[in-house]
Amino acid sequence: MKMNKNKEIIIPLAVMALLILGVIFLAIFPLNKEIKKNFEELRELKNDLALLDVKTENIKEVKQDYQNFQANLGELNKLFIDFDAPLEFINFLEKNAKDLGLSVKISSVSSKEAKADPWPSLSFQMDLQGSSSVLLKYIQKLENSPYLIEITNLSIKRLEEQEEIGASLSIKTFAK
């Protein structure tokens, strides 16, 4: 009888243990796998969010740089003369010569696109007359002007009748 009583207790306990193990294997392990999968997805989403934050910050920096470059681009465009209408530049040359007391004659204008130059250019031939110190000041004004100017040729001669010198100046300026 005691054996039967033990069997009566052991069998329900074994069945109960099997049921608990079955519940563990059928319910808890799949849930655990699902939790791990969801955790990995959450980690990936956090990484993606962090990456998006970095990209958003980079975009803000690029926008700020773009605005700075736009402001500077306007200033840069002022360096180039108008290829089709260089009148403003010619007035600049004449006004600076007149302000310094130089006599100036612009005798030729030619345009060309040299393969070595990054931009189209206009060439000007100028005949100047005045004192040597004033001529040097004029050349300095050209070099420090708001335009891209290159002096390609300079020849100077002393005028016998006067205390002045004559200069023939060839310049090239870049255009847009």
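No value in this document is a laboratory result; all are computed from the given coordinates. Here the structure is a predicted model, which is why all the values come from computation and not from measurement. Ideal geometry is used to build each Cβ from the backbone, glycine not excepted, and the neighbour counts take in all protein chains shown.
Once the other residues with Cβ under 13 Å from the Cβ of K157 are scored (Lys, Arg +1; Asp, Glu -1), what is the net sum?
Details: positive: R158; negative: D127, E160, E161, E164.
Residues close to K157 contribute a combined charge of -3.
Return one number: the angle in degrees, 0 to 90 and rounded to the nearest 10, between the long axis of the Cα atoms of helix 2-23 and the longest principal axis of the Cα atoms of the chain.
With rounding to tens, the tilt is 20 degrees.
Given only helices, namely DSSP H runs of n ≥ 4 each adding -39500 (n - 2.57), what is the per-residue ellipticity at 222 nm of the chain, to the nearest 500 deg cm²/dmol? Mind showing how you got there, number by number?
Numbers: 4 runs with 97 residues, N = 176.
Using -39500 (n - 2.57) per qualifying helix, the result is -19500 deg cm²/dmol.
I'd like to know which of I28, V15, L45 lies farthest towards the positive end of the charge dipole of the range 1-59, counting +1 on Cβ of Lys and Arg and -1 on Cβ of Asp and Glu.
So the residue furthest toward the plus end is V15.
Obtain the nm distance between the two label points defined at M16 and L51 by a simple spin-label model: each point lies 7 Å from its Cα along the Cα-to-C-beta direction.
According to this spin-label approximation, the distance is 5.2 nm.
Restricting to lysine pairs 8 or more places apart or on different chains, what number in the range 1-77 have Cα atoms under 29 Å apart?
9
Could you work out the relative contact order of the chain, using alpha carbon pairs under 8 angstrom and six or more residues apart, expressed as a whole percent?
Computed over the chain, the figure is 19 percent.
What length, rounded to one decimal in nm, is gained on full extension from L31 through to L79, with 0.36 nm per residue of separation minus their alpha-carbon distance?
Working: separation 48, 0.36 × 48 = 17.28 nm, distance 7.06 nm.
Between L31 and L79, full extension yields 10.2 nm more.
Where both partners of a DSSP beta bridge lie in the chain, what percent of those bridges are antiparallel, to the nearest 5? Display every interim value, and only then the final one.
Numbers: 28 of 29 bridges.
Just about 95 percent of them are antiparallel.
Whole-Hz Karplus ³J(HN,Hα) for the range 34-49, in order, using 6.51 cos²θ - 1.76 cosθ + 1.60 and θ = phi - 60°, x for Gly and Pro?
5, 5, 4, 4, 5, 5, 5, 4, 4, 4, 5, 5, 5, 4, 4, 5
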